[in-house]
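A short worksheet on the structure shown next.
Taken together, the values in this text are just the output of simple stated rules run on the coordinates, not laboratory data. Keep in mind that what you see is a predicted model, and the values were worked out from it rather than measured. Don't worry about glycine lacking a Cβ; one is built from the backbone with ideal geometry, like all the others, and counts go over all protein chains shown.
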């Protein structure tokens, strides 16, 4: 099997960098985007195996990307791990409508939790 | 389609809409969560000396950023009990100090902030601490939203020398027109950008009010300028 490819869409450059290093250490291929628009460009270039998605970012928020993903057959089933400071404020049942089953709370997660979350949804 | 709208509305209901204790807590979550992650990385594995220094530096800068916000919040809460003296000051010198103070944070993010005003002989009437905090706030906001290109701080005389406008120009997402209008209005919820709680701009506006200045924003095709308009010193007008 090819190395699973993870796309991190996260506006905090340093948070993104930490997640990237952790995933690369576990032999995942990783690309990053700092907002939803950049993320869409990356997905257009190559559909990732998993997307790690922040909720609030400059420009359109995560919902816009989730709508887009569901609009195309080649991305509709791409697993998404939501990774946000606002995890406690977002209704889980609303997220499940977008196929999101994994939500990480940035305020309580351990760095290695991102690896476990990606493996869980693959 | 209707189902999608309902999903969107349900989620957007979770977003804070006005400055409050909840908003302040929300704003502080991001830097605190980042500091925690950086510290956990230091704890969890052996890392090279170079990376150790980099992470420690990021912890320092992120903590300072959070502390700036907490200081602004507490100062903002006590504004009505305080008197703020206005003094003649050179805004160019103050802007340069703000640029110098923010440079390490910008550099650590691979970005730059520069002072680009040509005029040297400006004299404003303002409270030095409040004006400095407004500019730090704008510069911090610009760092978060800037893409390519340096953030530019400018100061210029306006309206025939009646006031001085100090602007911080970024190259991030443009401002929606309604939000641009709301930046300087007291009675409406203030948002700098759609994903922002608007707390920073709310505080900047309070500081501006306390020294009889006004703040506003101009949208550009490729970003925005947040500005503060301050009165000129009569010492300048007599020259």
Ranked from fewest to most other Cβ atoms within 10 Å of their own Cβ, A:109, B:115, A:57 fall in the order B:115, A:109, A:57
The exposure ranking of B:117, A:71, B:146, fewest beta-carbon neighbours within 10 Å first, is A:71, B:117, B:146
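Summarise the partner chain shielding of A:82-94 as one whole number: the mean count of Cβ atoms from other chains within 10 Å of each residue's Cβ.
Values: counts 0, 0, 3, 9, 7, 0, 2, 7, 5, 5, 0, 2, 8.
Partner-chain Cβ atoms within 10 Å, mean over residues of A:82-94: 4.
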Which of A:12, A:49, A:74 fluctuates most in a GNM of chain A (C-alpha springs under 10 Å)? That residue is A:74
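Once you have the Kirkwood Rh of chain A from its Cα pairs, apply Stokes-Einstein at 10 °C and 1.306 mPa s and quote D in µm²/s.
Values: Rh = 14.2 Å.
For these conditions, the coefficient is 112 µm²/s.
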In nm, the gap between the two label points placed 7 Å beyond Cα toward Cβ at residue A:46 and residue B:129 is 5.3 nm
Per GNM of chain A with C-alpha springs under 10 angstrom, the most fluctuating residue out of A:84, A:32, A:107 is A:107
With a Förster distance of 30 angstrom and the Cβ-Cβ distance between residue A:108 and residue B:116, calculated FRET efficiency to the nearest 0.05 equals 0.10
Of A:47, A:81, A:64, the most mobile residue in a GNM of chain A (C-alpha springs, cutoff 10 Å) is A:64
